[in-house]
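Student: Take a look at this one; I'll ask things after.
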Protein chains: 2
Amino acid sequence: MAPRSPAEQQSVTGRLTATLQRAIVSGKLRPGEALPSERALAEQHEVNRSTVREALRRLEALGLITVRQGGATRVAEALLSTSLAALPELVASGGRLGLKVQEDLHELRGLLLGFCAERAAHLADPASVARLEQLAAQLAQPGLTPTAAQALDFEFFEQLVRVTGNQLLLLFTQLVKDVYFRAPKRFLGLYGERFSAEHHARAVAAIRARDAQSAGEALRAYAASALSPPHRKAH
Amino acid sequence: MAPRSPAEQQSVTGRLTATLQRAIVSGKLRPGEALPSERALAEQHEVNRSTVREALRRLEALGLITVRQGGATRVAEALLSTSLAALPELVASGGRLGLKVQEDLHELRGLLLGFCAERAAHLADPASVARLEQLAAQLAQPGLTPTAAQALDFEFFEQLVRVTGNQLLLLFTQLVKDVYFRAPKRFLGLYGERFSAEHHARAVAAIRARDAQSAGEALRAYAASALSPPHRKAH
DNA sequence: GGGCCATGGCTGGTCCGACCAGTTAGCAGG
DNA sequence: CCTGCTAACTGGTCGGACCAGCCATGGCCC
């Protein structure tokens, strides 16, 4: 849908949207706080009010602001309202909320990976299994760069989700991918020295053997191991 | 965020947005098909082009259309792009895709209910457990109307999610709620004669006893039982 | 005749300035 | 002090103009 980082900034509206979004997501503008009026924003950023309005319309659709005729436009009380579209930016910003959400995302990813593996063990056709095996084999190659490993890992996850046929999970996959690609450096560490494709291989073998339980466990273990690095907070 | 059915239709932009959204989601306009030009839409609907543009901006943010300067504005190839915001409308429309997504949503709901129950068994404080018990007790009352039962069920789910502390799950809860409230009649059947709060009670008891496995199983069983009604397709 | 490319007429993007419609805060009167 | 009106905000809609990118058409060159 809406173009991301580079493309988004080619249009006047896109630039303004990005600027305001950063201000909100980074906390420069706090939840509940009122934005300047449309006319003021237009003057400050030297654009037309129509342009400001289009940018605000996007932020509104992202659930980042609430607009009321007559009253001031305010930063939404609960960022993360109904839309997940703003999530990549939120995590990339690295704020408190961003980090928390990043952890939550990892948690869900682990759960869903396990689920997908179980379903795949029941549903996978030979062609899909072969594709998964191929990806797992590529992941096991020595000397893989972190970037390449990450790409393969994502493709593995996506293929697994496709097997389940669940459209919403596919959407979730896309979301995770967006988050990661938005702040790649933050996550590449996971694919460094200590990365191992062992779990993937175990999972695929279990899927081929139609052993749902083992498949699920393998990928849950993988997700758990990937969670250990830097971001770890006390409970 | 954006006002729903009644409120959304009070502004000119809101009415137009709703009209176009219905046309897209219902399949009147097919994926990939080009919309009329902004100028044509403005004339057809007897509104200003600016108004049309604001409506299109919303649909774009929902991921329902793709806009390219110079080229035509088209219905997105893959409805369900990155945004879940259009989902309630999609399910309410009752099209093929809507029904499929409805099933997928149920599937995920079951998975997540079970997960939440397990987490809750580990994390729940006494106050939260008490609140869950209260809700379960209310659900067990005889003579509950389907509407009331549904409301309580949702509150139960939401409370459970809150205990886990996962922000994204909270978002998911909200999404499920939106979908249900958008087409209530479609789902109220689940809370009719055969509805039983037995699973809820079992889950709460297990949570109190810190028995994660039983808690998870209870709610997974509940979700599975709720899945049986009308919408059931061959694989 | 076939292929290349200039161009005109479409598309959306931005700007301007005006007026309508709610909200709110402050002032006047009770 | 409280009430109620009003004026000065806020966002919402309008219209019309021009800029910028895409694309199909048609003429030119090979």
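What follows is calculated from the coordinates using simple rules that are stated; it is not laboratory data. None of the values given here were measured: they were computed from a predicted structure. Virtual Cβ from ideal backbone geometry, glycine too; neighbours counted across all protein chains shown.
Student: Loop by DSSP (not H, G, I, E, B), at most 14 other beta-carbon atoms within 10 Å: where is the longest site-free stretch of chain B for GluC sites (Glu not before Pro)?
Tutor: After excluding every exposed loop site, the longest remaining stretch is B:78-192.
Student: Oh, and also: Sorted from largest down, give the three principal axis spans of the alpha carbons of region B:87-226, whole angstrom values.
Tutor: 44, 34, 21
Student: Considering all projection directions equally, how large on average is the shadow of the alpha-carbon convex hull of the protein assembly as shown, in square nanometres?
Tutor: For the Cα atoms of the protein assembly as shown, the hull's average projected area reads 23.8 nm².
Student: At A:ASP125, with labels set 7 Å past Cα in the Cβ direction, how many nm apart are the copies from this one, shortest first?
Tutor: From this label point to the equivalent ones elsewhere in the assembly: 5.2 nm.
Student: Just to confirm the numbers: B:THR19, label point 7 angstrom along the Cα-Cβ line, distances to the other copies in nm, shortest first?
Tutor: 3.5
Student: To continue, here is another question. Please give the average number of partner chain Cβ atoms lying within 10 Å of the Cβ of each residue in B:89-102, rounded to a whole number.
Tutor: Taking all residues of B:89-102 together, the mean is 1.
Student: Give me the Å³ per residue figure for the convex hull around the C-alpha atoms of region A:5-75.
Tutor: Convex hull of Cα atoms, per residue: 82 Å³.
Student: What is the total of Lys pairs in the protein assembly as shown with C-alpha atoms under 25 Å apart, excluding same-chain pairs fewer than 8 positions apart?
Tutor: The result is 20.
Student: Which distances in nm, rounded to one decimal and ordered from shortest, link the label point of B:GLU198 to the equivalent label points in the other identical copies, with labels set 7 Å from Cα toward Cβ?
Tutor: 4.5
Student: Could you name the residue in chain B with the C-beta closest to the rotation axis that superposes chain B on chain A, along with the separation in whole Å?
Tutor: Per the Cβ-to-axis criterion, the result reads B:ALA61, 1.
Student: Per q in 0.23, 0.31 1/Å, what log10 I(q)/I(0) does a Debye calculation on the alpha-carbon atoms of region B:122-162 return?
Tutor: For region B:122-162 at q = 0.23, 0.31 Å⁻¹, log10 I(q)/I(0) is -0.72, -1.06.
Student: Let me ask another. What does the charge add up to near B:THR173, with Lys and Arg as +1, Asp and Glu as -1, over the other residues with Cβ less than 12 Å from its Cβ?
Tutor: Every neighbour counted, the sum reads -1.
Student: Mean-square fluctuation check for chain A, GNM, Cα pairs under 10 Å: which of A:ARG30, A:ARG68, A:ARG39 is largest?
Tutor: A:ARG68
Student: Another question about this same structure. Placing one identical point scatterer on every Cα of chain A and ignoring solvent, what is log10 I(q)/I(0) from the Debye formula at q = 0.12, 0.13, 0.16 Å⁻¹?
Tutor: So the normalised log intensities are -0.74, -0.83, -1.07.
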